[in-house]
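The values are calculated or read from the model by the stated rules, or taken from the named source; none is laboratory data. In this text, all values refer to a predicted model and were calculated from it rather than measured experimentally. In this analysis, Cβ positions are derived from the backbone assuming ideal geometry, glycine residues included, and neighbour counts consider all displayed protein chains. Heavy atoms of the whole protein, side chains included, go into the accessibility calculation; ligands, DNA and RNA do not. Shrake-Rupley method; radii C 1.70, N 1.55, O 1.52, S 1.80 Å.
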Amino acid sequence: MSVRHDEAMLPAVRHRRILELLAQREYVTVTEVSDATGASLATTQRDLARLATSGALTRIRGGATRSPGQRGDARLLATCLARVRHALDRHDLGAAEHALHQALEACERLRRYRSVDGTA
């Protein structure tokens, strides 16, 4: 799907379109994204950088690829919470605190995925 460059697309709509492209294939180039969204190459670069910062994709030279993160972060969260419980059973507050910090970081990344997807 190609978009004319005189049709302005809102950033949230462009981001959703970029994620749709990545859902269809492993890798997209900056030019492909620019053609699909109608955005300039500079705007496309900024969009990809923003999505990479949020963890929604992985930025690579010349384009972007799917982020391996969301499922991995959900698994990490579950593992950290199990470690918290185990540490508390042993009365090891240091280990519980460390696992809680890791769990909170995983939660924050999952929250960012949801906000980029538009599901939250």
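Quick notes on this one:
- Some residue of the range 64-75 being without any contact (Cβ under 8 Å) to a residue 60 or more places away in the chain, open to solvent by 40 Å² or more (accessible area, probe 1.4 Å) and more than 22 Å from Gln102 (Cα to Cα): yes
- In the range 82-110, the residues that are loosely packed, with under 13 Cβ neighbours inside 10 Å, charged (D, E, K, R) and under 28 Å from Thr53 (Cα atoms): Glu97, Glu108
- Among the residues of the range 16-62, those that are in a helix (DSSP H, G or I), among the polar types (S, T, N, Q) and free of Cβ contacts under 8 Å to residues at least 60 places away in the same chain comprise Gln24, Thr31, Ser34, Thr37, Thr43, Thr44, Gln45, Thr53.
- Answer residue from the range 53-63, given it is hydrophobic (A, V, I, L, M, F, W, C) and either modelled with pLDDT of 85 or more or out of contact with any strand residue (DSSP E or B) (no Cβ under 6 Å at 6 or more places or on another chain) (or both) and is least open to solvent (accessible area, probe 1.4 Å) among those: Ala56
- The residue list Thr31, Thr43 contains one member that is over 11 Å from the mean Cα position of the chain (by Cα), of a type in the set (Ser, Thr, Tyr) and surrounded by fewer than 15 Cβ atoms within 10 Å (Cβ to Cβ), which is Thr31.
- Hey, Ala39 modelled with pLDDT under 90 and of a type in the set (A, V, I, L, M, F, W, C) or not: no
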